[in-house]
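> Before anything else, here's the structure in question.
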Amino acid sequence: MTIEQKAHIAEFLDLASAYLRSGYKRQSTDDKSAAPVAVEPAAPQAPLPESQLEAIAPPDTHIAGISNDEAGMDTLEAIAADIAACAACPLHATRTNTVPGEGVSSPLVLVIGEGPGENEDKSGRPFVGEAGQLLDKMLASINLSRGENSFIANVVKCRPPHNRDPLPEEIAACAPFLTRQIALLKPRVILCAGRVATQTLVKTTNSIKNLHGHFIECAQIPFFPMYHPSALLHDPSLKRPSWDDLKTLRVRLEKLAALKV
Ligand code: SF4
């Protein structure tokens, strides 16, 4: 990690820390020394026209092609085993490990990125490099973690060579695994991390610049696009909008918790 990247992560965490100290969620009655810090709320965003957005899930099932009955017989272990044995696209030939995803079995949030990178390919775990460490810290800033209330996966389960974008035919070949995961996990929100995941899941060519921070409500499970953590590492100007997006997500999750849905 470069000095610049370390400074960037530290600055991001300072923002998160200030926000929590301001009393948003975890204000401690014992912490008299922490002066409230004013953090302005995320700017309201106009809803996107639904005509642009065709969700992958029809209204009577959680995901296209899989009924709730079928999902009820599935398991994360079975999906991971099927992924490990998969040779449905050329990515199987260059992978070291498959990366099915990890997290809790009944998550509040399912984070979906585009595909494994070098570190993920070596370890078989999603988001474990620098971008993954930043993702964990971003999630933690709004009380989310893969160990407690989230699941992290990717559109494709094997690493595209040289970290290129997965090809449409690779995404199509791998889609049944992701649809099984979504049907089984039934997350309250799907966080689409980055352009490829967003455009794949929402079926749009609209840019992540336009879509980030908007809830897309076309399915039973709302999609929430955000910039990919690796984009934040390369472009510090994305830090502030990403922090605003996290606050927007947290407010939605708080409402869901209040409604107990
Ligand atoms: Fe199979 Fe998906 Fe890996 Fe392609 S990327 S080989 S479809 S598991």
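> Given (1) crowded, with 18+ Cβ neighbours inside 10 Å; (2) at pLDDT 95 or above, identify the lone condition not met by I63.
(2)
> Kindly list the number of the only condition in (1) hydroxyl-bearing (S, T, Y); (2) touching a residue at least 12 places away in the same chain (Cβ under 8 Å); (3) farther than 28 Å from F177 by Cα that fails for S230.
Result: S230 passes all but (3).
> Under 21 Å from E217 (Cα atoms), touching a residue at least 40 places away in the same chain (Cβ under 8 Å), in contact with a strand residue (DSSP E or B) (Cβ under 8 Å, 6 or more places away or on another chain) and within 12 Å of the ligand (Cβ to nearest atom): does that describe V155?
yes
> Show the residue pairs that are 6+ apart or on different chains and have beta-carbon atoms under 8 Å apart, the first residue being within region 86-97 and in contact (Cβ under 8 Å) with a residue 40 or more places away in the chain and among the charged types (D, E, K, R), the second being within 6 Å of the ligand (Cβ to nearest atom) and open to solvent by less than 70 Å² (accessible area, probe 1.4 Å).
R95/C158
> Of everything in region 86-120 that's more than 14 Å from the ligand (Cβ to nearest atom) and in a loop (DSSP other than H, G, I, E, B), which residue is least open to solvent (accessible area, probe 1.4 Å)?
Step by step, filter region 86-120, then rank; the result is P107.
> Now for a different question. Just to verify a result, which residue in region 174-192, among those that are surrounded by fewer than 20 Cβ atoms within 10 Å (Cβ to Cβ) and near the ligand (Cβ under 9 Å from one of its atoms), is farthest from the chain's Cα centre (by Cα)?
Only one residue tops the list, namely P176.
> May I pose another question? Kindly list the number of the only condition in (1) open to solvent by 30 Å² or more (accessible area, probe 1.4 Å); (2) touching a Ser or Thr at 6+ places or on another chain (Cβ under 8 Å) that fails for H234.
Here H234 clears every test but (2).
> Test S145 against the criterion of being more than 14 Å from the ligand (Cβ to nearest atom), among the hydroxyl-bearing types (S, T, Y) and buried (at least 18 other Cβ atoms within 10 Å of the Cβ), and give yes or no.
The answer is no for S145.
> Assess whether D74 counts as being within 14 Å of the ligand (Cβ to nearest atom), out of contact with any Gly (no Cβ under 8 Å at 6 or more places or on another chain) and either closer than 26 Å to G147 by Cα or at pLDDT below 95 (or both).
Judged against the criteria, D74 is not a match.
> Restricting to region 124-142, name every residue that is open to solvent by 50 Å² or more (accessible area, probe 1.4 Å) and in a helix (DSSP H, G or I).
Taking region 124-142 first, the residues open to solvent by 50 Å² or more (accessible area, probe 1.4 Å) are 125, 130, 133, 136-137.
Those that are open to solvent by 50 Å² or more (accessible area, probe 1.4 Å) and in a helix (DSSP H, G or I): E130, Q133, D136, K137.
> Within the group A197, A175, A153, which residue is under 24 Å from A78 (Cα atoms), small (G, A, S) and not in a helix (DSSP H, G or I)?
Testing whether each residue is under 24 Å from A78 (Cα atoms), small (G, A, S) and not in a helix (DSSP H, G or I) leaves just A153.
> With respect to A183, is the statement that it is modelled with pLDDT under 95 and either part of a loop (DSSP other than H, G, I, E, B) or of a type outside the set (A, V, I, L, M) (or both) true?
Spelling it out, it is not the case that A183 is modelled with pLDDT under 95 and either part of a loop (DSSP other than H, G, I, E, B) or of a type outside the set (A, V, I, L, M) (or both).
The values are calculated or read from the model by the stated rules, or taken from the named source; none is laboratory data. This is a predicted model, so every value here is computed, not measured. Counting neighbours? That spans all protein chains shown, and the Cβs are built from the backbone with ideal geometry, glycine included. Surface accessibility is based on the protein's heavy atoms, side chains included, excluding ligands, DNA and RNA. Shrake-Rupley method; radii C 1.70, N 1.55, O 1.52, S 1.80 Å.
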